[in-house]
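K.L.:
Sharing a structure, written as structure tokens. Questions coming.
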Amino acid sequence: MNLKDHIRGIPDFPKPGILFYDVSPLLANGASWKAAIDELADAVRPHKPDLLVGIESRGFLVAAPLALALGIGFIMVRKHGKLPGDKIAHSYNLEYGTDTIEVQADAVKPGQRVVVLDDLLATGGTMVAAINLLRQVGADVRAAAFLVELTFLNGRDRIDVPSVSLMAYDE
């Protein structure tokens, strides 16, 4: 199955000049969604993760069903103020300022193997921040995985763990 057949390009969203790659049609089609999860499972399984980590918010849509398919746990990395309980925070620079992400302090035990997932890899800034945060709490970050990668933004070059994407776009 060609998963790209289930990705919709929306021009000028969220602002003029941007072509947004919308994964909604992929999620809405049971056969393509199952195929994507099966392909990700094959790519992630060799890293032997104890947990999958989803980055807010569309990363949750990828990591949660994949964790279920692999029979392992799922945890969330969220924006500041969105998680209850004790949290560990990590701030990072964006092109236009800073942002902060958090993980619950007891979500990962030191040494646990994790793979971090998001729906799309663009510049890689949020993924790098999530990897750094997870290392800060003692995780053994084994890999990163994505449904879609915008290769022309070179985000993969910033990530220091093996990375896999199911689909790549060069423009």
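The values are calculated or read from the model by the stated rules, or taken from the named source; none is laboratory data. On a predicted model such as this, the values are computed, not experimentally measured, just so you know. Positions of Cβ are backbone-derived with ideal geometry, glycine not excepted, and every protein chain shown enters the neighbour counts. Heads up: the accessible areas ignore ligands, DNA and RNA and are worked out on the full protein's heavy atoms, side chains in. Shrake-Rupley method; radii C 1.70, N 1.55, O 1.52, S 1.80 Å.
K.L.:
Given (1) more than 20 Å from E149 (Cβ to Cβ); (2) surrounded by 12 or more Cβ atoms within 10 Å (Cβ to Cβ), where does L52 come up short, assuming only one miss?
P.N.:
(1)
K.L.:
Has region 32-47 got any residue that is of a type in the set (D, E) and either free of Cβ contacts under 8 Å to residues at least 12 places away in the same chain or open to solvent by 80 Å² or more (accessible area, probe 1.4 Å) (or both)?
P.N.:
Yes, there is a match, as at least one residue in region 32-47 is of a type in the set (D, E) and either free of Cβ contacts under 8 Å to residues at least 12 places away in the same chain or open to solvent by 80 Å² or more (accessible area, probe 1.4 Å) (or both).
K.L.:
Being within 22 Å of D99 (Cβ to Cβ), in contact (Cβ under 8 Å) with a residue 40 or more places away in the chain and part of a helix (DSSP H, G or I) is the filter here, so list the residues in region 52-79 that pass it.
P.N.:
R58, G59, L61, V62, A63
K.L.:
Scan region 57-74 for residues that are surrounded by fewer than 20 Cβ atoms within 10 Å (Cβ to Cβ) and either aliphatic (A, V, I, L, M) or touching a Ser or Thr at 6+ places or on another chain (Cβ under 9 Å) (or both) and jot them down.
P.N.:
L61, A64, L68, A69, L70, I72
K.L.:
Going by the conditions given, is A41 hydrophobic (A, V, I, L, M, F, W, C), out of contact with any helix residue (DSSP H, G or I) (no Cβ under 8 Å at 6 or more places or on another chain) and at pLDDT 95 or above?
P.N.:
no
K.L.:
Also: Quick one: which residue in L83, L26 is more than 15 Å from L117 (Cα to Cα), open to solvent by less than 20 Å² (accessible area, probe 1.4 Å) and part of a helix (DSSP H, G or I)?
P.N.:
L26
K.L.:
Next question, about the same structure. Scan the strands (runs of 3 or more DSSP E) fully inside region 104-170 and keep the ones with 3 or more residues being farther than 20 Å from K4 by Cβ and more than 12 Å from the chain's Cα centre (by Cα).
P.N.:
In region 104-170, the matching strands (runs of 3 or more DSSP E) lie at 140-150.
K.L.:
On to the next question. Confirm whether V115 is touching a Lys or Arg at 6+ places or on another chain (Cβ under 6 Å) and crowded, with 18+ Cβ neighbours inside 10 Å.
P.N.:
yes
K.L.:
Still on this structure, please answer the following. Could you check region 121-137 and list, in sequence order, the residues that are surrounded by fewer than 20 Cβ atoms within 10 Å (Cβ to Cβ), in contact (Cβ under 8 Å) with a residue 24 or more places away in the chain and farther than 10 Å from R158 by Cβ?
P.N.:
A122, N132, Q136, V137
K.L.:
Any chance region 38-51 includes a residue that's of a type outside the set (S, T, Y) and part of a strand (DSSP E or B)?
P.N.:
Within region 38-51, one or more residues are of a type outside the set (S, T, Y) and part of a strand (DSSP E or B).
K.L.:
Right, here's the next one. Quick one: is D99 among the acidic types (D, E), closer than 30 Å to N2 by Cα and open to solvent by 40 Å² or more (accessible area, probe 1.4 Å)?
P.N.:
Here the answer is no, as D99 does not meet what is asked.
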